[in-house]
Each structure stands twice: as structure tokens, then as C-alpha cells.
Amino acid sequence: MFLLARVWLIVLFVSVSAGFAADNGAPANFVGGTVTKPASTGGVIDLTHEGYLEFKTKKADFRIPYERINAIEYGQQVSRRYAMAVIISPVFLLSKSRKHFVTLSYADDDGRPQAMVLQVDKGHVREVLVGLEAKTGRKIEYQDTEARKAGKG
């Protein structure tokens, strides 16, 4: 039973990873901010455009010109894996889950301050931070030393 659960998790991970590999960009979820929450919170951060960042969801695309981004903050939320411990194994109580958040502060078309908080996939957080720093010319603000270590890798 335990082996079957492991195999199922590996198959699920590989199929999800293959789906993301087809997209340009890093998988992310829209968590909140001053903009209207899109109908689908899951999407992709696309930094391949010359003049703007694009957050693409199934129903909407958000574009933020790089020159309007005035602050980039990175932080983590750490939690224990209680659900995994109950379902699969108590060993998961010893591990921690980290969620990676990137907050963008920017000015909209009318010059008003706006913010967007995105939860970035663990495997893509460094490329997003490096890309944002390069495209905007802004330094990343880290919430704490743990976030700095994870962001600098």
C-alpha cells in the first residue's frame, strides 16, 4: 500500500512537471493584492517579454511594465506537513513545507500604487527573482535571513 502511494505521487509529480515544462515561465498562484483576483488563481509568470512581466492565467493575463515596478519582496512561510503525516506516514511530521511568496509593488496606468502577491513554485523561485532583478534593475528585499539564503541559493 505504501509503495503504491509513493508510485502514485511520483507519477502525479512527473505529469504535472511535464505540463509546466510546455509553458514559458514559472508556475505561480495569485494570492492577493490590490488588483481584482482573477477567476483562476493558478497561472504562469512570464519574464520573456522585453518590456513587461506577464502573469498568465486561463481566463486573464496581467501585464506590468518593468519600469513601473518599484519594489520586489521575497519571503517564505514554513509549516509542518500534518496532512501528509496523517495520510501517509508520521515521518512527515519531521519535515517542513515552505511556501515561496513574491510581492510586487508597482504603479498602474494612472500612477496609483498597486501590489500583487504571488506564491511561486519552489523549483522556479530563484529564476523568478533573478529575472525580476535583471529586468527591473531593482534589488530584491528579503523578509528575513532564511528567505535571503533560499533566494540567493
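Structure summary
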{"read-out": "Extension gain from Ala71 to Thr48, taking 0.36 nm per residue of separation minus the Cα-Cα distance", "value": "6.3 nm"}
{"read-out": "Entries of Lys59/Lys139; Lys58/Lys135; Lys99/Lys152; Lys56/Lys99; Lys122/Lys149; Lys99/Lys139 with Cα pairs more than 23 Å apart", "value": "Lys59/Lys139; Lys58/Lys135"}
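Quick note: the coordinates plus some simple rules give every number you see, no bench work behind them. Given the structure is predicted, the values throughout are model-derived calculations rather than measurements.
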